[in-house]
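What follows is calculated from the coordinates using simple rules that are stated; it is not laboratory data. Just so it is clear, the structure is predicted and the values come from calculations on it, not from any experiment.
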Amino acid sequence: MLMELTIFIALTTAAVVIQAGILFGMYLAVRKSSARVETLAEDFRTKVLPAAEVVHSMLVDLRPKIEAAVTNVGESTAMVRAQLERLDATVSDAIDRTRLQIIRADDLVSRTLERVEETTDMVHNTVVSPVRQLSGIVQGLTVGLEYLMGSRRRRRDRSTVPQDEMFI
């Protein structure tokens, strides 16, 4: 039993020494990591924090200006919208008036063309037809007179008359 107790104490001592070595290794690792973290924290303090402070001060300074710009843009948008509505109303009115004038002009041109056609028909019936009839009568008389005059000459000359002269 003594031997067992000695072995047990020796094993326990070895386990404690191993644990002490592990704890010492962990201490060194944590110390080394802590040094790295301290370096990073110092870099953060020296580099990032001043930049963050500058950004913060810029935001504090620019906030009223940004708010004013947003307000101005909102007001400008409202004015532009109102002007566009007025422009739309004006253009719609102009288009409606133009349509009405086009309809009136179309009616005027249609009536004018109808009157021109009526006048053409009237001139044809009152002037051209009687002139044609009169022209036909005059041509008939001319042909008759030429025939009468031509038969006297034929008797005198006893010559043949070309057929082109007889055809009218």
Using only the alpha-carbon atoms, how far is helix 129-157 inclined from the longest principal axis of the chain? Give it as 0 to 90 degrees, nearest 10.
40 degrees
In whole angstrom, and with the biggest value first, how far do the Cα coordinates of the chain range along each principal axis?
190, 51, 33
Using 0.36 nm per residue, how much length does the chain from residue 141 to residue 92 gain when fully extended, once their Cα-Cα distance is taken away?
10.5 nm
